[in-house]
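Novice: Dumping the structure here so I can ask a few things about it.
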Amino acid sequence: MPRNKMSVTQLTFLTGLNMIGSGIIMLPAKTAKIGMISLLAWGVTIAGVLALSHCFAKCGMLSRHRGGLGGIAEYAFGRSGSFMTNYTYGLSLVIANVAIGITSVSYLTDFLGFALSPWTSGLITVALLWLSTLANFGGPKVTGRLSAAVFWGVLIPLLIFLAVGPFHFSAALFAANWNPSGMPVADAVHAALPMLLWSFLGLESACANSESVDNPDKNVPKAVLLATVGVAFFFVATSVLVGGMVPNAELADSSAPFGIVFASLFGGTTAKVLTILMGLSCTGSMMAWQFTLSRVLKSSADIGYFPRIFRKVTRKDVPIAGMVVITLVQTVLVAISATPSLFGQFSVLVDLSVVTNIIPYVSCIAPLYLLVRLDHAKLRQPRLIVFNTTVALLYVFYVLLTMDAFTMKLATLAVFSGWTIYAALVARNNVNAPPAAPTPPSP
């Protein structure tokens with residue numbers, strides 16, 4: 001293996017941790033607000049997410065462009081599309097990691113047993129963001145090892161829960177939790193979709209980290225599919241079990257829902273230990289996302305999209321200066337998004353992160369129509385790729401339709417600010433400038 005590169009196992013752990021790190025541990029609170037009828041949204045979500053993972057796996061195999069996700073988008077949308085892909089993806093990750101930090105603080109608060117003021121919670125969130133940044137200074141190989149180790153922080157509690165939970169499952173309670181508010185099926189599915197997609201955000205991170213893995217042509221597709229299938233199993237199984245163990249009213253708006261679940265099972269010290277392990281896994285997920293974000297911005301800076309500070313690396317191939325800038329931006333975001341309710345702050349950031357992340361999803365998946373035609377003779381089952389591409393696009397468009405107006409307004413501002421930045425970039429670097437018209441000969 002090349003020096004300081006990840007193996008396929010490490011990349012799978014990193015990708016899985018990006019998905020499972022915060023998605024699952026706040027999921028019971030969101031589904032409890034809707035009712036267990038929200039489980040119907042899993043059918044739509046799993047179909048869409050499996051199509052997405054298949055598409056990203058094929059993108060990892062077919063794309064030969066540099067620039068991570070932006071390199072894939074460039075096939076169909078040119079350099080402007082490549083820039084917008086990496087810009088919106090980077091923005092999404094900046095927002096997402098603040099949300100993950102809030103989740104980690106929520107579980108810490110539950111472990112300590114007392115409430116924190118919004119400013120105190122914000123300060124702890126900022127401290128965790130900086131710690132997760134410092135943890136990446138050892139390089140990609142060290143990050144891969146740490147991700148694999150921290151992954152057990154969420155895996156062990158979940159495995160214990162899956163082993164013990166069925167013996168405490170109540171069909172009567174599950175029925176009572178099904179739809180206590182009488183919400184129509186379509187409304188319940190719509191309400192659940194953004195949070196469920198949030199739970200899977202990260203399936204594309206294997207492609208975003210392709211330049212940091214050994215033999216990316218083979219290992220990136222493997223990591224995408226293995227991580228997605230494994231995480232989907234944990235999400236669905238835990239959602240079903242929680243619905244038959246704890247009343248919705250106890251979980252709705254909880255800042256540490258699994259703390260309540262573990263307390264109902266074990267009580268006392270065991271519940272506290274499992275709860276803090278879940279919180280620590282969130283911190284590990286922050287570390288993995290900070291790494292992915294720094295690589296996205298570095299790959300973009302390498303081809304002239306972002307300031308040069310993001311391309312500077314140490315001898316261990318670590319963009320420390322870029323990571324510091326990223327964390328400074330996140331520090332500001334923590335301050336301006338602070339609210340009395342950690343769950344409320346988390347929910348707003350999650351919805352905004354999902355919408356901004358859908359933009360690079362579309363710009364990376366849509367080029368598969370072209371890539372399949374270019375490599376049609378070499379591909380097995382090209383029609384399946386086209387079918388999954390269509391399913392994935394329809395799925396993310398459906399999720400967009402479920403978003404509220406405020407979130408869409410913020411996302412629209414993000415998109416137009418991106419085009420403005422790209423126009424300034426063209427003016428500064430003469431990127432994609434049309435060739436000068438020839439001077440007509442003198443008469």
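What follows is calculated from the coordinates using simple rules that are stated; it is not laboratory data. The structure displayed is predicted, hence computed values, not measured ones. FYI the Cβ positions are ideal-geometry reconstructions off the backbone, even for glycines, and counts take in every protein chain you see.
Novice: Angle check, please: helix 268-302 long axis (alpha carbons) against the longest principal axis of the chain (alpha carbons), in degrees 0 to 90, nearest 10.
Specialist: Around 10 degrees separate the two axes.
Novice: Project the alpha carbons of the chain onto their principal axes and report the range along each, largest first, in whole Å.
Specialist: Projected onto the principal axes, the Cα atoms of the chain cover 92, 46, 45 Å.
Novice: Before anything else, pin down the relative contact order of the stretch 8-427: Cα pairs under 8 Å, at least 6 apart, normalised by residue count, whole percent.
Specialist: Values: 670 pairs, mean separation 152.2, N = 420.
Once normalised by length, the contact order is 36 percent.
Novice: Counting other beta carbons within 10 Å of each Cβ, put 336, 260 in order, fewest first. The partial results should precede the final answer.
Specialist: Details: 336 7, 260 22.
If I rank by nearby Cβ atoms, fewest first, I get 336, 260.
Novice: Something else now. Charges at C-beta only: +1 for Lys and Arg, -1 for Asp and Glu. How large is the resulting dipole of the chain about its Cα centre, in Debye rounded to 20?
Specialist: Details: 26 positive and 14 negative charges, 299 e Å.
For this selection, approximately 1440 debye.
Novice: Helix 185-200 versus the longest principal axis of the chain: what angle, 0 to 90°, nearest 10, using Cα atoms?
Specialist: For helix 185-200, the angle is close to 70 degrees.
Novice: Before rounding to the nearest 500, sum -39500 (n - 2.57) across all DSSP H runs of length at least 4 in the chain and divide by the residue total; then give [θ] at 222 nm in deg cm²/dmol.
Specialist: Details: 18 runs with 330 residues, N = 443.
Using -39500 (n - 2.57) per qualifying helix, the result is -25500 deg cm²/dmol.
Novice: While we're here: Please report how far the C-alpha centroid of the stretch 260-325 lies from that of the stretch 108-185, rounded to the nearest whole angstrom.
Specialist: One Cα centre to the other: 14 Å.
Novice: Could the peptides 312-325, 71-84, 226-239 be put in order, highest first, of the mean number of other beta-carbon atoms found within 10 Å of their residues? Display every interim value, and only then the final one.
Specialist: Numbers: 312-325: 16.8, 71-84: 22.4, 226-239: 19.2.
Peptide ranking by packing, descending: 71-84, 226-239, 312-325.
Novice: Which of the lysines could a cross-linker span from residue 33 if the Cα-Cα distance has to be under 28 Å and same-chain partners fewer than 8 positions apart are dropped?
Specialist: 272, 409
Novice: Helix 69-112 sits at what angle to the longest principal axis of the chain, using alpha carbons and giving 0 to 90 degrees rounded to 10?
Specialist: 30 degrees
Novice: A further question follows. Given just the C-alpha atoms of the stretch 1-114, how large is their convex hull per residue in cubic angstrom? Please report the intermediate quantities before stating the final value.
Specialist: On the way: hull volume 18.9 nm³, N = 114.
It is 166 Å³ per residue.
Novice: Okay, moving on. Go ahead and run the numbers for FRET between residue 412 and residue 215, Cβ-Cβ distance against an R0 of 30 Å, rounding to 0.05.
Specialist: Working: r = 40 Å, r/R0 = 1.33.
The calculated FRET efficiency here is 0.15.
Novice: Describe numerically, in nm with one decimal, the distance between label points set 7 Å from Cα along Cα→Cβ at residue 123 and at residue 181.
Specialist: 3.6 nm
Novice: What lysines sit close enough to residue 222 to cross-link, taking a C-alpha to C-alpha distance under 21 Å and skipping anything fewer than 8 places away on the same chain?
Specialist: 5, 58, 141, 378
Novice: If r is the Cβ-Cβ distance from residue 9 to residue 427 and R0 is 41 Å, what FRET efficiency results, to the nearest 0.05? Present the calculation step by step, with values, prior to reporting the outcome.
Specialist: Numbers: r = 45 Å, r/R0 = 1.10.
So the FRET efficiency works out to roughly 0.35.
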